[in-house]
Structures are given as C-alpha cells and as structure tokens.
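Okay, so here's the structure we're looking at.
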Amino acid sequence: MARFRDIKDVIVFGEDWTGVQEVNTPVEGENFDYSADDNTSIRRVDVTKRSISISITVQDPEFKRDISLPVFGSSPQLSLNEVLSATMRENADEMVDSSEDDDWITFVGITRRVVEGEMEIRDFNQLMNEDNFYVGIMGRLQFDVLPGAALTGLANRDAYERFWMPDMVCTGINSTNRHGDLHSGTVNFRGGGDSTNEAKINNTLSAGGVTVFEINAGDEGTISFAAPTADGGDDANISIVNCVCTSVEITATHGGRLERKFTFRAYSDDGETSPLTLT
C-alpha cells in the first residue's frame, strides 16, 4: 500500500484549510451488525457497513498567541487573570440507524452535544479567595486569543479571536502547589445548553465575520485532501463524502500557537460502497 505524507490542499465542507498539521484516516473501516429473533439465535447477518473515522489537527501557521480576558461567573463577574492555558471540547453522541428491511439507512445523527472547558491558572490562592466562586456556579465562559508580533513577541490587543460558551457550570477545582513555584491549578467546566443556547463553541473575530474553522459538532459535508506518495509518484487525491463532525477541540497556550482538532465520521450510503475515494 502506498504511504502518504505532506498533506496539502485540505478542503472541509467547501472551505480551504491552511495550517493543517496532521490528517489521520484509515483507508477503510468495516463493522458488522446482526439481527436475531431472540438472544440465543442469530437469524441473519446484515451487510457490511463501511465507515471511516478521520481527525484533522490545525495549528495557527503565523503567530504565537497570548490568552487575554478569560472570564467566568455570574454576579459578581469573576475575571481569571494569569491564565496559562485554556481548552474547550465540543463532543456529540453518535446515532447510527438501519431500516427494518435490512437495507442500511446510513447517517450519523446527533443525540446530544456537550461542551467541556478547562483553564490552568497561576497564583491559584488569589482565585480561591474570590467570593462566590465554587463548584456548581453557572456563568458564561469566555477567553480571547491575541496574535503576537513576530519579532517582539508582544500581543496586539486590537485584534483577537474570541471563544465563548453560555451557561457553563463549574464542575471541579484542582489545585497544585510545588516548592519554589507559584501556586497554580485547573478549573473545569461543563455546559449542555438550553432551549435558547445550543451546547457548542461560539467563535467570533474582532473584525467581524467567521473563520474557516467555524465547524460545530453535527455539521455534515465532504472532506478532500491531496498527499504525495512515498515512492515519488503522483499525488493521491482523497475524498470522503457524508462526513459528520463529531468532536471539536480548541487549545490555547500562553505564548504558544492556537490549535484546533476536529474529528469526523462517515458511513456508506448503501452499506457496500465506501464513502472514501482514492485516485
């Protein structure tokens, strides 16, 4: 089998993605299901249902980033200063269905979507001494990432990318104390959304509009990319149809680059024809 490297020309749901660090996908995954009249007798075995899992990791190709203005809380508003890192994860449960006449109805539905967040905070004693901050408190979780200057390393506070999620609940406070170091720790959050706000990562730019990374769990479309073969032959063009985004992860580290990781799954239309095309 040919080996692929140097992924390029990545297109996700019609948008060109740059800064892609890694694309992982098996050539083809297969799994079987069966039906039976009871638990002791298998009456038939359904056709093979071919599925593909794919993950794409994207790194900001231009700037280091600083985290600015992380905020959580209701009243009073609590500002989390000295945040070293922040992570948001948007996950969805998959719902795969098949029809009663043994023909696969192949789609990935979303039964539930949950967003989780974690912030690593320096000088944790200061945070713990704030009033009205405890496990169970609900509020809006938000942080901005600022592009740093290439030479000076100073952040440009007039330009930012903002990530936020309403109705997040604090689920855990974990502190660490190392000899000779500043007291630090992590705070964990979880949000399921309500009738007004969906459980998803919201993303805005200081200049308005959206980025090409505005993908939410449950979105569906086609992914394609090209990769040269290890033997120096022509590029391999890979296309995967019926992809549904099942997970999004945003990671920001102070002074580091902003990273995004997206996970997708695709199933065949008829249980026999693979959703993956390789030319």
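The values are calculated or read from the model by the stated rules, or taken from the named source; none is laboratory data. Since we're looking at a predicted model, the values are computed, not measured. Positions of Cβ are backbone-derived with ideal geometry, glycine not excepted, and every protein chain shown enters the neighbour counts.
Look at PHE213 and say whether it is within 26 Å of LEU146 (Cβ to Cβ) and either touching a helix residue (DSSP H, G or I) at 6+ places or on another chain (Cβ under 6 Å) or modelled with pLDDT of 90 or more (or both).
no
In the stretch 193-217, the residues that are buried (at least 18 other Cβ atoms within 10 Å of the Cβ) reach residues that are part of a loop (DSSP other than H, G, I, E, B) and at pLDDT below 80 with C-beta atoms within less than 6 angstrom, at least six apart or across chains, in these pairs: ALA199/GLY193. If you go through the stretch 261-270 one residue at a time, do you hit one that is in a loop (DSSP other than H, G, I, E, B), over 25 Å from the mean Cα position of the chain (by Cα) and over 21 Å from ASP144 (Cα atoms)? Scanning the stretch 261-270 turns up at least one residue that is in a loop (DSSP other than H, G, I, E, B), over 25 Å from the mean Cα position of the chain (by Cα) and over 21 Å from ASP144 (Cα atoms). Suppose we keep only residues that are surrounded by fewer than 19 Cβ atoms within 10 Å (Cβ to Cβ), hydrophobic (A, V, I, L, M, F, W, C) and not in a helix (DSSP H, G or I) within the stretch 99-132. Which one would you say is modelled with the highest pLDDT? Among residues in the stretch 99-132 that are surrounded by fewer than 19 Cβ atoms within 10 Å (Cβ to Cβ), hydrophobic (A, V, I, L, M, F, W, C) and not in a helix (DSSP H, G or I), the one modelled with the highest pLDDT is VAL114. Going by what's in this entry, would GLY218 be described as assigned to a loop (DSSP other than H, G, I, E, B) and modelled with pLDDT under 90? Judged against the criteria, GLY218 is a match. Somewhere in the stretch 265-272, is a residue surrounded by 19 or more Cβ atoms within 10 Å (Cβ to Cβ) and either under 19 Å from PRO61 (Cα atoms) or of a type in the set (Asp, Glu) (or both)? No, the conditions are met nowhere in the stretch 265-272. Taken over the stretch 69-83, the criterion of being crowded, with 17+ Cβ neighbours inside 10 Å, part of a strand (DSSP E or B) and at pLDDT 75 or above is satisfied by PRO70, PHE72, VAL83. Of everything listed in (1) of a type in the set (D, E, K, R); (2) surrounded by fewer than 21 Cβ atoms within 10 Å (Cβ to Cβ); (3) modelled with pLDDT of 80 or more; (4) under 22 Å from CYS170 (Cα atoms), the single unmet condition for GLU90 is (2). For the stretch 184-201, give me each residue that is in a strand (DSSP E or B) and modelled with pLDDT under 90. Within the stretch 184-201, SER184, GLY185, THR186 qualify.
Does the stretch 220-240 contain any residue that is crowded, with 17+ Cβ neighbours inside 10 Å, of a type in the set (S, T, N, Q) and within 30 Å of ARG162 (Cα to Cα)? No: zero hits.
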